[in-house]
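So the structure is just underneath, and the comments pick up after that.
The values are calculated or read from the model by the stated rules, or taken from the named source; none is laboratory data. Every value quoted in this text rests on a predicted model; they were computed, and no experiment measured them. Here the Cβ positions follow ideal geometry from the backbone for every residue, glycine too, while neighbour counts run over all protein chains shown. Only protein heavy atoms, including side chains, enter the accessible area calculation; ligands, DNA and RNA are left aside. Shrake-Rupley method; radii C 1.70, N 1.55, O 1.52, S 1.80 Å.
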2 protein chains.
Amino acid sequence: MKVAWAGSRHAVDVADRMARLVASDPVFRKDNRTMLSRQDLFKDTLRKAAHAWKRIVELRLTEEEANLLRLYVDQPGYVDLHWGMFVPAIKGQGTEQQQQKWLPLAYKFQIIGCYAQTELGHGSNVQGLETTATFDPKTDEFVIHSPTLTSSKWWPGGLGKASTHAVVYARLITEGKDYGIHGFIVQLRSLEDHSPLPGVTLGDIGGKFGSGAYNSMDNGVLRFDHVRIPRDQMLMRLSQVTREGKYVHSDVPKQLLYGTMVFVRQSIVADASKALSRAVCIAVRYSAIRKQFGSQDGGPETQVLNYKTQQSRLFPLLASAYAFRFVGDWLNWLYTDVTQKLEAKDFSTLQEAHACTAGLKAVTTSATADAIEECRKLCGGHGYLNSSGLPELFAVYVPACTYEGDNIVLLLQVARILMKTVSQLASGKQPVGTMAYMGRVQYLMQSKCAVNRAEDWLNPAAIQEAFEARALRMAVNCAQNVNQAANQEDGFYERSPDLLEAAVAHIQLIIVTKFIEKVQQDIPGHGVKGQLQNLCNVYALYILHKHLGDFLATGCITPKQGALANEQRGKLYTQVRPNAVALVDAFNYTDHYLGSVLGRYDGNVYPALYEEAWKDPLNETVVPEGYHQYLRPLLKQQLLSARL
Amino acid sequence: MKVAWAGSRHAVDVADRMARLVASDPVFRKDNRTMLSRQDLFKDTLRKAAHAWKRIVELRLTEEEANLLRLYVDQPGYVDLHWGMFVPAIKGQGTEQQQQKWLPLAYKFQIIGCYAQTELGHGSNVQGLETTATFDPKTDEFVIHSPTLTSSKWWPGGLGKASTHAVVYARLITEGKDYGIHGFIVQLRSLEDHSPLPGVTLGDIGGKFGSGAYNSMDNGVLRFDHVRIPRDQMLMRLSQVTREGKYVHSDVPKQLLYGTMVFVRQSIVADASKALSRAVCIAVRYSAIRKQFGSQDGGPETQVLNYKTQQSRLFPLLASAYAFRFVGDWLNWLYTDVTQKLEAKDFSTLQEAHACTAGLKAVTTSATADAIEECRKLCGGHGYLNSSGLPELFAVYVPACTYEGDNIVLLLQVARILMKTVSQLASGKQPVGTMAYMGRVQYLMQSKCAVNRAEDWLNPAAIQEAFEARALRMAVNCAQNVNQAANQEDGFYERSPDLLEAAVAHIQLIIVTKFIEKVQQDIPGHGVKGQLQNLCNVYALYILHKHLGDFLATGCITPKQGALANEQRGKLYTQVRPNAVALVDAFNYTDHYLGSVLGRYDGNVYPALYEEAWKDPLNETVVPEGYHQYLRPLLKQQLLSARL
């Protein structure tokens, strides 16, 4: 199962090696993270980043190994943005010449870069950004300026304290005309003493959700007071400003930028399965240790994992972790496919690929955020302790629902493409890829689910068709309602809550389909395939139950068939139960990476919880600081004369 | 609307006075709370508690005023447990004599008490506690002992550092026999120097979810090594141990203890409406300020609050805040009613009252926890900043789902009572109170929803009947399935996930019913009643949509009627929109209590966000600590020779 999860024997081995490398190095300890002050936590991030880089260079790690090492260091910091956004932006939007100049500096960390797009008053709507980059033909420079308070750059990771450079997005103005948002490479800090350059105001935007968590990152604020940069620091792959100040487009198609977006979002889906699998691993292991009730005669209590209520909440999340893992693998393939097609200037699948990656980003991150919190609740009271690891995992994960495209905004984009696809069906245009099923509209609008007995729901074809019919019928219903409005735009606006649901149905179909396709492949390992089939069915029937209203309202299944699905789901849980712990052990996470007393591999939970408690700073003294000032006067009835 | 929310003009006035008293007192500032170290935060709690008590005494505040003052101080601390658990435990379980001895000490704060029930290995299952209290007839004492690691008391608030005394729950053993769990008053710390008494080990259990939040509380660990207490410190109202060691029951009925449970849980429901209304207030106000998209021609962007997707997520939560407020008021009445009946030894409604309070505790706290996080997401990226107030509100609120009865365990108790009620229907026993509708089983099992047009869903009778039919049919279905099993207990266990859903349906019916009853009363104020009617319909149709599968699967409504409900819901949002800000202003929260830059009453959000950022400790220096050690060597390519 380890191989099935990791993808290959090689992937298991290299991940294992890197995880152990990190776990055994005292610099990378993270058990004290929630107790550090903001400054100490940030300093710790700087230390870990430098140490990681040192190890990467010393050990001559490959790119794959280096990425895994950073993953297991598991602490958000400026390097994430440097590698994940700054470098790709230059690669994607810089000319050959710009790449030759800037990339070697970035690769060797002679500069540290971040990605300065969002502003205090502007997030999702990139076109609304206010920062200006005005071309001055006299000096052949751009003047970068923050004209209002709301135009302050706000949120970029690594910006507040660490970065020396940024790709800054600003309205390009030349010859008195506003050409909209473009990217510019701007130096922010002196390479000699790290002080902000003249005209640049820089700071951290303050504490964020949770202790530890994302507070290791210096999300920053940045203001420009007429800061000048050379003309050649505009990223000019797609369009240029000439020496004279003329704005000209290059012949590079704009669609190329989508490649980067697909890449970033597929990595977010992969991260979702990682975060979810960590939470599920903790909850499953602790549920196998923890006992409550069930003893009528003084005998041992029942393992919590044996309770049907626990199973019905936890096993769907275990199945989701695998589902997201496999759809993430598939997205990785899609990225390669899209890249090849883009290079061949074939844009035919781009829209479908965009809908699919945007939608999967939205659905998997929302589900994961909810699932981590559910896993925390499934650990009872102790899940609320920082030592359980779950509070920090939740706090550090939830921004994934907002960054790189707010999930609601992304789902509306999916819905827009769905509506377009439906409207083109009449003209006979055949949808492609993950939308191909919509071509079978005639059949799916009136198909009848053939399930008669509970076990009929184990048939992948029955599941697949029910999910296809549901998604299609919801999309068609929406399209009909949208078309009733005076104009399409008003209709779309009015029906947007329904459109969100149709988009989710479409994306869930993709996840189910890719899981089914996965378990139809050859999968080595004794019994592995059977267990994955169970998880695939658990995932599908869980979604069917959760969205039963959709399936019934569209007439895709009958109430009786819904009840049979429910029955089958219960039986599947019983089959998953004996393998549950093995299924989370297959993630192969070290105790260091998991960071949870409740999820310890050795199950030695209670002594570890007890030991952790004494490490709290509050336990440094037996009688608390403040006793003489605030408790004793109260207890001795001397409060009214006390000076507090 | 302020009066409708608060309950009376008097309630508005006194709350207003206390809120301003707290807000204007610099000791009670809380904007820096997330930046304090654990020790400083705890010391701050001690300071605030002492100062609050000083003000209460100086100003001769009434009990109502004192409670409100503590509410607006808004920082979890030992006083919550002292007043909320220690004092009520002595009142409820202590004899007259014990009350006379201990209550005056507690009332004057000559002792500080907490409530030590849960153990490291034992939460929900009180009967599984391991701490022992063995009677020693030689000395007329009980010997309190922690025989195992898992028997360590774990979680009690105020225990770790502040309390001098505790009500400790332990297995009573006398004459070699285990009589199960009983309560004992045990002194833990010296009243002279606050050091733990001999044989007592005390500490804090460590950091919890979030920064600030519940970390102001010293949830504690406590171990006993054969600690002796006088026999008369066993709480003896219900049963006693005689001088000779005989265990005897008094003639006080055990049911009296339920009164306390109803009281505690009704206050938790009231707290749910407070927490939810704070989150909703922040999200509504900020959604009226925040603008995104919608400008096609460079004009101003659209207020986020105008988006249908925002409305369809936010307005149901606004409606829920009002729904929980009114059902909380009703529970308050129920508590009085139950108390009177208990005093008259009438136990006939006790079971129904228990189901109803336990279930309302579970449903309202779970919904509120989810809703706070949803409100945070509805504020976009900025909701993730501590200065938004929402991270701390979430982190401090979520334990309500676990303490005072884990929500799943409570819902299973509700389900058990539902199953019992269904089984008694055949014998003609008429259910009472909130279960009375189940008596109309014949009718409700085959009733048909009469809705033909969208606006028919505005008819309270249509809503009420649909909710009653859904709840009843789910309960009856469950009962049939449970009865098919070889024995009832196995059937209950197998069907427990379905039983949870039936319990939720029953409780949601109660909430809807109480909201409908509320808006059928006379409500003063221009237009107030109409707005509350809108909110009532929003709440009901939102639940109907969320659980559409239930309504369709049980045949309570048709898919067509479901679509009509959806249509009507959309229309209601349009009606709520113009009053949304006024509806949250009616909560009458000060900026101090709200604690959110995004929810400021004056709407001056962006300058305030900008200003808050600079207060972060990380901004104390422009060049971060650690630059010379960890950043400069990296940038200057001197890493391999650096000592990190």
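Do any of A:LYS43/A:LYS153; B:LYS420/B:LYS514; A:LYS30/B:LYS30 go past 26 Å between their Cα atoms, and which?
Numbers: A:LYS43/A:LYS153 23 Å; B:LYS420/B:LYS514 24 Å; A:LYS30/B:LYS30 29 Å.
Too far apart for the 26 Å limit: A:LYS30/B:LYS30.
Just tell me how shielded B:305-311 is by partners: mean number of partner chain Cβ atoms within 10 Å of each residue's Cβ, no decimals.
Average neighbour count from other chains, rounded to a whole number: 4.
Net charge near A:ILE90, counting Lys/Arg +1 and Asp/Glu -1 over other residues with Cβ under 12 Å of its Cβ? Walk me through the numbers on the way to the answer.
Details: positive: A:LYS91, A:LYS101, A:ARG237; negative: A:GLU96.
Charge balance in the 12 Å sphere: +2.
How big is the gap, in Å, between the Cα center of the range B:437-461 and the Cα center of the range A:355-369?
Each part's Cα centre sits 38 Å from the other's.
Ignoring ligands, DNA and RNA, how do A:ARG223, B:ARG265, A:ARG440 rank by accessible area with a 1.4 Å probe, largest first?
These residues rank, largest area first, as A:ARG440, A:ARG223, B:ARG265.
Just add up the charged neighbours of A:LYS177: K/R +1, D/E -1, any other residue whose Cβ is under 13 Å from the Cβ of A:LYS177.
Neighbourhood net charge equals 0.
Quick check: at a probe of 1.4 Å, how many percent of the accessible area of the protein assembly as shown sits on carbon and sulfur atoms?
Roughly 51 percent, rounded to a whole number.
Does the range B:112-252 come out rounded, prolate or oblate by the C-alpha gyration tensor, with a ≥ b ≥ c the root eigenvalues, rounded set by a/c under 1.5 and, if not, prolate when a/b is larger than b/c and oblate if not?
Taking the square roots of the gyration eigenvalues as a ≥ b ≥ c, the range B:112-252 is prolate.
Give me the percent relative contact order of chain B, please, defined on Cα pairs under 8 angstrom at least 6 residues apart.
Details: 983 pairs, mean separation 88.4, N = 644.
Once divided by the residue count of chain B, the mean separation gives 14 percent.
From the Cα trace of the range B:139-203, what convex hull volume per residue do you get, rounded to a whole Å³? Can you show the working numbers first?
Working: hull volume 7.1 nm³, N = 65.
Hull volume over Cα atoms, normalised by residue count, gives 109 Å³.
Which lysines have a Cα lying under 18 Å from the Cα of A:LYS177, excluding residues fewer than 8 positions away in the same chain?
Within the straight-line cut-off, A:LYS177 pairs with A:LYS138, A:LYS246.
For the range B:1-75, how big is the tail of P(r) above 18 Å, as a whole percent of Cα pairs?
Result for the distance tail: 44 percent.
List the aspartates and glutamates whose Cα sits under 16 Å from the Cα of A:LYS48, skipping any in the same chain fewer than 8 residues away.
Output for A:LYS48: A:ASP25, A:ASP31, A:ASP40, A:GLU58, A:ASP74, A:ASP80, A:ASP218, B:GLU625.
Give the Rg (one decimal place) followed by the Dmax (whole number) of the range B:223-311, computed from C-alpha coordinates and expressed in Å.
29.0, 91
Once phi is turned into ³J(HN,Hα) by the Karplus curve 6.51 cos²θ - 1.76 cosθ + 1.60 with θ = phi - 60°, what whole-Hz value does each residue of the range B:323-338 show in order, with x for glycine and proline?
For the range B:323-338, the Karplus-derived couplings read 4, 5, 4, 6, 5, x, 4, 5, 4, 4, 4, 4, 4, 4, 4, 4 Hz, x marking Gly and Pro.
Explain nothing, just compute: Karplus ³J(HN,Hα) = 6.51 cos²θ - 1.76 cosθ + 1.60, θ = phi - 60°, for every residue of the range A:185-196 in order, whole Hz, x for Gly and Pro.
8, 10, 7, 10, 10, 4, 7, 8, 10, 6, 7, x
Given C-alpha coordinates of the protein assembly as shown, what is the ratio Rg to Rh with the Kirkwood estimate of Rh?
Using Cα coordinates only, the ratio equals 0.96.
Ignoring ligands and nucleic acids, what accessible area does A:ASP25 show with a 1.4 Å probe (Å², nearest 10)?
My reading of the accessible area for A:ASP25 is about 30 Å².
Please report the net charge: other residues with Cβ closer than 13 Å to the Cβ of B:LEU61, K and R +1, D and E -1.
Numbers: positive: B:ARG17, B:LYS54, B:ARG55, B:ARG60, B:ARG70; negative: B:GLU58, B:GLU63, B:GLU64, B:GLU65.
With Lys, Arg at +1 and Asp, Glu at -1, the neighbours total +1.
Would you mind giving the mean number of other chain beta-carbons within 10 Å of the Cβ of each residue in B:550-556, as a whole number?
4
What accessible area, in Å² to the nearest ten, does a 1.4 Å probe give for B:THR62?
Ignoring ligands and nucleic acids, B:THR62 comes out at about 70 Å².
Restricting to Cα atoms and excluding each atom paired with itself, what does the Kirkwood estimate give for the range A:509-564 in Å?
Working: mean 1/r = 0.0801 Å⁻¹.
This gives a value of 12.5 Å.
From the helices alone, meaning DSSP H stretches of at least four residues, give me the mean residue ellipticity at 222 nm for chain B, per-run term -39500 (n - 2.57), in deg cm²/dmol to the nearest 500.
-16500 deg cm²/dmol
Please report how far the C-alpha centroid of the range A:209-260 lies from that of the range B:205-277, rounded to the nearest whole angstrom.
Measuring centre to centre over Cα atoms gives 60 Å.
How many nm is it between the label spots at B:ASP232 and B:GLN521, if each spot is 7 Å from the Cα in line with the beta carbon?
The answer from the label model is 4.6 nm.
What FRET efficiency would be calculated for the residue pair B:THR590, A:GLN637, taking the C-beta separation as r and a Förster radius of 30 Å, to the nearest 0.05?
That gives a FRET efficiency of 0.40.
Counting only other chains, what is the mean number of Cβ atoms within 10 angstrom of the Cβ of each residue in peptide B:629-640? Spell out each step's value before the answer.
Details: counts 4, 11, 11, 5, 3, 11, 11, 4, 4, 0, 7, 4.
Per residue, the average neighbour count from other chains is 6.
Quote the FRET efficiency, to the nearest 0.05, computed for A:ASN604 versus A:ASN32 with a Förster distance R0 of 22 Å and r equal to the Cβ-Cβ distance. All intermediate terms of the calculation are to be shown ahead of the outcome.
Details: r = 20 Å, r/R0 = 0.91.
Rounded to the nearest 0.05, the efficiency is 0.65.
For chain B, what value does the Rg/Rh ratio take when both radii are computed over Cα atoms and Rh is the Kirkwood radius, given to two decimals?
On the Cα set of chain B, Rg over Rh gives 1.00.
Which Rg and Dmax, in Å, describe the Cα atoms of the range B:1-143?
Here Rg and the maximum Cα pair distance are 19.4, 65 Å.
Using alpha carbon centroids, what distance separates the range B:467-518 and the range A:570-614, in Å?
After rounding, the separation between the Cα centres reads 33 Å.
Pairs of Cα atoms under 8 Å, at least six residues apart: use those to get the relative contact order of the range B:55-165, whole percent. Present the calculation step by step, with values, prior to reporting the outcome.
Details: 122 pairs, mean separation 31.0, N = 111.
With pairs under 8 Å counted, the relative contact order is 28 percent.
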